[in-house]
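The values are calculated or read from the model by the stated rules, or taken from the named source; none is laboratory data. Computed from a predicted model, the values in this text were never measured in an experiment. Note that each Cβ is placed from the backbone with ideal geometry, even for glycine, and that neighbours are counted across all protein chains shown. The accessibility values were calculated without ligands, DNA or RNA, using every heavy atom of the protein model including side chains. Shrake-Rupley method; radii C 1.70, N 1.55, O 1.52, S 1.80 Å.
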Amino acid sequence: MKRKTSLAEIADAAFRLFREHGFDNVSVMDICHEVGITKPTFYKFAASKDALLSQYYQGADETVLQEMASLDLAGSYIEEIWAGTSCIMKRSSELGHDLYSHYVIRCLRSHTHPNTTGYELQEHIEEAIRKAQKSGQILNHSDPRKIWLSLTNLFLGTGCQWAFGGGEENVLQQCRHGFLITLRPAVALPELHS
């Protein structure tokens, strides 16, 4: 009887190997051996090992939208904005600087923005920014779309510096610092600490 294989199983094995040995030191054949499949089976599920990097980020929006909804109900608009804008960088931090650098390069080659969320999540973030402005939680009264773009680019720049600089700083701490400067909260909010 043939064993069932899934993209999730292949991705899990690949990321385990990537973290242990580094992205460049893992071949498609290494992943196949780890899962117990052939190369044709691998390619049935994934176009390349690079494509697995994008797979890592799929599903993030749905999880974050649920988190944002609970923060919205509590009136924590700044933390709601943080949850939405930091979701990609949180996943990237878990991924590690080596894999994130490969992901950024893959996105640049395909002309996509590594830190852009889906449209629905973007709309929720912009709405949270409007609510934070209206409630007086933030003092930055710029257009919410421009604030969202600023935060997205702040996270990309900080993430690239972290990834291509060898992962020496706490990327989420750096992002949180820039996030607070950009929003200008009406009351002091905590920075992240290592």
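General remarks:
- Computed over the chain, relative contact order equals 19 percent, with contacts defined as Cα pairs under 8 Å that lie 6+ residues apart.
- Of all lysines in the structure, the ones whose alpha carbon falls short of 23 Å from that of LYS4, not counting any fewer than 8 places away in one chain, are LYS39, LYS44, LYS49.
- Using a probe radius of 1.4 angstrom, the carbon and sulfur fraction of the accessible surface of the range 1-101 is 52%.
- Straightening the chain between SER54 and LYS4 buys 15.7 nm, computed as 0.36 nm per residue apart minus the Cα-Cα spacing.
- Rounded to the nearest 20 debye, the dipole magnitude of the chain is 420 debye, with +1 charges on Lys and Arg beta carbons, -1 on Asp and Glu beta carbons, and the Cα centre as origin.
- Rounded Å value of the spacing that divides the Cα centres of the range 1-32 and the range 65-108: 24 Å
- The range 1-86, accessible area per residue, ligands and nucleic acids excluded (1.4 Å, Å²): 54 Å²
- Three semi-axes describe the equivalent ellipsoid of the chain; taken as square roots of 5 times the Cα gyration tensor eigenvalues and ordered largest first, they are 35, 18, 13 Å.
- Each peptide in 91-99, 41-49, 159-167 gets a packing score, the mean of other Cβ atoms within 10 Å over its residues, and the list from highest to lowest is 91-99, 159-167, 41-49.
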